[in-house]
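Written out below as structure tokens is the structure these notes cover.
The values are calculated or read from the model by the stated rules, or taken from the named source; none is laboratory data. Because the structure is a prediction, the values reported are computed rather than measured. Here Cβ is always computed from backbone atoms with ideal geometry, including for glycine, and neighbour counts include all displayed protein chains. The accessibility values were calculated without ligands, DNA or RNA, using every heavy atom of the protein model including side chains. Shrake-Rupley method; radii C 1.70, N 1.55, O 1.52, S 1.80 Å.
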Amino acid sequence: MCKDLKLENQKEGACLAFLKLKEVKKKFKHLTPVMPSYNKTDVHPSTFILIGIPGLEVAHIWMSIPFCVVYLLALLGNFSILFIIKTDPKLHEPMYLFLCMLAVADLIVCTTAVPKLLSLFWFNDGEIHFEACLTQVFLIHSCSTMESGFFLAMAFDRYVAICHPLRHSMILTHTVIGKIGLAIVLRGTVLFSPHPFLLRLLPYCKTNIISHTYCEFMALIKIACAETRIRGAYSLTVAFLTGGVDFILIICSYILILHTVFHLPSKDARLKTLGTCGSHVLVILVSYTPAFFSFLTHRFGHHVAPHVHIFVANIYLLVPPMVNPIIYGVRTKRIRDRFLKLFSFLKPLN
């Protein structure tokens, strides 16, 4: 009997304690942190929205005109370079073969970004699917790295041609050129293949709006709501190990070239030898200047206005593919003569 009374009292005490706890929770409900609930769609949106160049939306339609013209010139120039070099056996030399590889990379880079950019500017169509966005990130970054590698290969060709002219044909055989090109392509593919997977693992619960004209690694990192320092460090390291190291090696090759040139006996010989490097130097300046500016401002130039950075990033994708074939077409007599011959052949007879 006593045990039953004791058990009943314990039950009543437990009930009173539960009711008290319920009242306390109700009283301080507004102080209880509420964890946000994200479903799969919230964390991994099916589409992103590109907004173009922030602050210059009104001028998008006018800006599309020069962008479109530059893109068409890039297509015409690079396809012409590929056709001319392919059809002329005399141009199957290391410099021109590397130029063909550069032209292919240029075509991939600008074609990956520009059609969507024009669709955004003309039709206000900024929507891009998640998978397409990741593909764009991979192609732009990997092919840009390949461009840098081809610049280094062309610098190596100039070094061998000037510093070891008698061994040039023995060192840079077609087999060696093919292996160098394959190594450059594999380097860009392997080092930047993790980028889409690193981005896929991030939750995008802040927004799906990208303040850019195309999908770019750091632009996606900025809208993720997770810790991204390791991913950012990886991207920075890969960028330095590719573009940064390539640029350092290019400078080293030209230091050796200048050392050899200044030891030539006559001024005419020095000028003629340096003239063979003119096209390559101009192409490097045109490509690396906006690339370094875009890279540094994206990571360290927080005071730079967003529209300035995005505009320069577009110049980096558009201008070099247009300028490269023009520089080589104007400064290289063989290519220039072949282009004029091709143009005169295509010109309708009166």
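Here are the numbers for this structure:
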quantity: The one condition in (1) of a type outside the set (Phe, Trp, Tyr); (2) crowded, with 16+ Cβ neighbours inside 10 Å; (3) modelled with pLDDT of 85 or more that His44 fails to fulfil; calculated: (3)
quantity: Verdict on Ser344 being among the polar types (S, T, N, Q), closer than 24 Å to Ile284 by Cβ and modelled with pLDDT under 80; calculated: no
quantity: Contacts under 9 angstrom Cβ, first residue in segment 163-177 being basic (Lys, Arg), partner assigned to a helix (DSSP H, G or I) and surrounded by 12 or more Cβ atoms within 10 Å (Cβ to Cβ), 6 or more apart; calculated: Arg167/Val160
quantity: Cβ-Cβ under 6 Å pairs, at least 6 apart or on other chains, segment 308-333 side open to solvent by 10 Å² or more (accessible area, probe 1.4 Å), far side of a type in the set (Phe, Trp, Tyr) and at pLDDT below 90; calculated: Val312/Phe293; Gly329/Phe339
quantity: Sole exception among (1) without any contact (Cβ under 8 Å) to a residue 40 or more places away in the chain; (2) buried (at least 21 other Cβ atoms within 10 Å of the Cβ) for Leu202, by number; calculated: (2)
quantity: Filter pass, Phe339 being open to solvent by 80 Å² or more (accessible area, probe 1.4 Å) and either among the aromatic types (Phe, Trp, Tyr) or modelled with pLDDT of 90 or more (or both); calculated: yes
quantity: Residues located in segment 117-163, provided they are in a helix (DSSP H, G or I) and of a type in the set (Gly, Ala, Ser); calculated: Ser119, Ala132, Ser142, Ser144, Ser148, Gly149, Ala153, Ala155, Ala161
quantity: Within segment 209-235, tally of residues that are within 21 Å of Phe311 (Cα to Cα) and open to solvent by 50 Å² or more (accessible area, probe 1.4 Å); calculated: 3
quantity: Residue list for segment 47-100, filter: touching a Cys at 6+ places or on another chain (Cβ under 7 Å) and surrounded by fewer than 21 Cβ atoms within 10 Å (Cβ to Cβ); calculated: Leu82
quantity: Scope segment 236-255; condition among the charged types (D, E, K, R) and either open to solvent by 50 Å² or more (accessible area, probe 1.4 Å) or in contact with a Phe, Trp or Tyr (Cβ under 6 Å, 6 or more places away or on another chain) (or both); matching residues; calculated: none
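A quick yes/no check of all residues on (1) surrounded by fewer than 15 Cβ atoms within 10 Å (Cβ to Cβ); (2) modelled with pLDDT of 85 or more; (3) not in a helix (DSSP H, G or I):
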site: Ile257; (1), (2), (3): no, yes, no
site: Thr260; (1), (2), (3): no, yes, no
site: Lys272; (1), (2), (3): yes, yes, no
site: Ser279; (1), (2), (3): no, yes, no
site: Leu282; (1), (2), (3): no, yes, no
site: Ser287; (1), (2), (3): no, yes, no
site: Ala291; (1), (2), (3): no, no, no
